[in-house]
Amino acid sequence: MISQIFILSSKGDHLIYKDFRGEGNKDSINVFYEMVTALSGDQPPVVMTHKDLHFIHVKQGGLYWVASTKTNPSPFTLIEFLNRFAGLTKDYCGSLSEKSVRMNFALIYELLDEMVDYGYIQTASTDILKNFIQTEAVSSKPFSLFDLSNVGLFGAETQQSKVAPSVAASRPIMSNRGEQGGKNEIFVDVIERLSVVIGSNGVIMKSDIQGEIRIKCFLPTCSEMRIGLNEELSIGKSQLKGYSSAVRIDECRFHQAVKLDEFDNFRILKVCPSQGEQTVMQYQLCDELPCALPFQLFPSVEKDYVNRVLIFLKLRCDLPPKSTALNVSITVPVPKGSVSMSQELSSPDQTAELQTKNKALLWEIPRFPGGAQLSALFKVDVPGLSSASLLEVGPVSMSFELPKQTCTGLQIRFLRLSPTQTGLSHRWVRYVSHSDSYTIRI
């Protein structure tokens, strides 16, 4: 039984507040935010208690999604509800951010009225809610790590699988009202997150790939969708046969709505998509990368003069020549006494700065073509520099995005809709890999 639901910004601003039972007061918002900010660490506990009031929260889109209760319900139920509430907000508003919540507060209050009645959860189904929601969404272009609008499209209009910029799918889902003339479209994203630890000798010490297949549907009706994956896809080492170049993953799990009767033999997923966004498959590959590392770093650290450290970084992009890495950033911890820095960069579009608060230097490269090599020389002034201070340099951490790339090699062979849609329906497929944790020891 839920007493209150509220949404807060990362700074504690009150965006949404709904009291279902009158058991608490609005001061509970400030109580929750003070408890969260008073705790050390980046991840405060999901469940917290103040006197007789329990707070359960999740953080999505940089916002706190909070439910309070005076009873003792299952925390997992409320966590699942809050995650679903955030997902529905993204479906109906088009994006998940403080700006979109402020612009669509009336729509979000209407969603809460339909989802919860006197503290009891009624429904979280998009198919049911779209019959009752009347408020129109106000769209805003969100910031996204996966914004590929500068990459462009490829493929003819008649192809089944095309690649679209992410902003094309960041819009509200269509309602049942016939006066809206939106396109019949469905988006399929294959997103992979790469975690790697590389030793000072260049040997991979740890590697992990987390991936998911995510769909967002704007079709008014679709009884079934068939997604064909690589025919040579193998799950676990036991399925590898002979010397074939099979695409391998260690394990995977599927959405409960996915039918798997054709998966074992033909690697076909069948699902009846509802309007909105859902993850149909999640998979993982550990300790063995099927492809070369996207970047190789060659660092050099030495003492210059009395109070200066020279850090030379040579970075090589090992992607294919026609590929490009976006938003590449390199962070290098520096000695605690660092006060200033000068740099020599190999191209004018790069930037670098010394973050004195974090005691690290940040080197940013907006676009990095495959096969290219860039270098940078940083001169860091450190008063009272000693030999022990040089040990404070590193390890290097990188973040980047790889559009049109999957590290595992997982591909969508085809995307078929049944029954055939009336009129022209557009089917878009996009591949994105990005760094989750890419660490290089020096």
Taking the conditions exactly as written (open to solvent by 50 Å² or more (accessible area, probe 1.4 Å), at positive phi and not assigned by the TED database to the domain that holds residue 215), does residue 62 satisfy them or not? no
With criteria (1) at pLDDT 85 or above; (2) open to solvent by 40 Å² or more (accessible area, probe 1.4 Å); (3) under 19 Å from the mean Cα position of the chain (by Cα), residue 206 comes up short on (3)
From 269, 285, 233, which residue is touching a residue at least 40 places away in the same chain (Cβ under 8 Å) and in contact with a Cys (Cβ under 9 Å, 6 or more places away or on another chain)? 285
Flagged in segment 45-59 as buried (at least 16 other Cβ atoms within 10 Å of the Cβ) and within 17 Å of residue 12 (Cβ to Cβ), in numbering order, are 48, 55, 57, 58, 59
Which numbered condition in (1) more than 30 Å from residue 184 (Cβ to Cβ); (2) over 25 Å from the mean Cα position of the chain (by Cα); (3) open to solvent by 40 Å² or more (accessible area, probe 1.4 Å) is the only one that residue 259 fails? (1)
Checked segment 328-342 for anything assigned to a strand (DSSP E or B) and surrounded by fewer than 16 Cβ atoms within 10 Å (Cβ to Cβ); matches are 329, 340, 342
Candidates 90, 99, filtered to the one that is free of Cβ contacts under 8 Å to residues at least 60 places away in the same chain, basic (Lys, Arg) and either open to solvent by 50 Å² or more (accessible area, probe 1.4 Å) or part of a loop (DSSP other than H, G, I, E, B) (or both): 99
So, residue 212, is that one modelled with pLDDT of 90 or more and either under 30 Å from residue 130 (Cβ atoms) or open to solvent by 40 Å² or more (accessible area, probe 1.4 Å) (or both) or not? yes
Could you list, ordered by first residue, the pairs with Cβ atoms under 6 Å in which the first is in segment 328-346 and under 25 Å from residue 433 (Cβ atoms) and the second is open to solvent by 40 Å² or more (accessible area, probe 1.4 Å) and in a strand (DSSP E or B), at least 6 apart or interchain? 329/364; 329/399; 331/397
Within segment 345-366, the count of residues that are acidic (Asp, Glu) and either under 14 Å from residue 330 (Cβ atoms) or in contact with a Phe, Trp or Tyr (Cβ under 9 Å, 6 or more places away or on another chain) (or both) comes to 2
From the option list 68, 3, single residue qualifying as over 15 Å from residue 85 (Cα atoms), at pLDDT 90 or above and in contact with a Gly (Cβ under 7 Å, 6 or more places away or on another chain) is 3
Scan of segment 102-113 for residues that are out of contact with any helix residue (DSSP H, G or I) (no Cβ under 7 Å at 6 or more places or on another chain) and open to solvent by less than 10 Å² (accessible area, probe 1.4 Å), ordered by number: 112
Go through (1) farther than 30 Å from residue 384 by Cβ; (2) at pLDDT 90 or above; (3) open to solvent by less than 70 Å² (accessible area, probe 1.4 Å); (4) touching a strand residue (DSSP E or B) at 6+ places or on another chain (Cβ under 6 Å) and name the single condition residue 272 misses. (2)
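Residue by residue, here is whether (1) more than 30 Å from residue 290 (Cα to Cα); (2) assigned by the TED database to the domain that holds residue 211; (3) in a loop (DSSP other than H, G, I, E, B); (4) at pLDDT 95 or above holds:
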residue: 344; (1), (2), (3), (4): yes, no, no, no
residue: 347; (1), (2), (3), (4): yes, no, yes, no
residue: 388; (1), (2), (3), (4): yes, no, no, no
residue: 391; (1), (2), (3), (4): yes, no, no, no
residue: 415; (1), (2), (3), (4): no, yes, no, no
residue: 422; (1), (2), (3), (4): yes, yes, yes, no
residue: 426; (1), (2), (3), (4): yes, yes, no, no
residue: 429; (1), (2), (3), (4): no, yes, no, no
residue: 435; (1), (2), (3), (4): no, yes, no, no
Of (1) more than 22 Å from residue 230 (Cα to Cα); (2) touching a strand residue (DSSP E or B) at 6+ places or on another chain (Cβ under 9 Å), residue 388 fails just (2)
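The values are calculated or read from the model by the stated rules, or taken from the named source; none is laboratory data. Everything numeric here is computed off the predicted structure, so don't read it as measured data. Reconstructed Cβ throughout: ideal geometry from the backbone, glycine too, with neighbour counts over all protein chains shown. Ligands, DNA and RNA are excluded from the accessible area calculation, which covers all protein heavy atoms including side chains. Shrake-Rupley method; radii C 1.70, N 1.55, O 1.52, S 1.80 Å.
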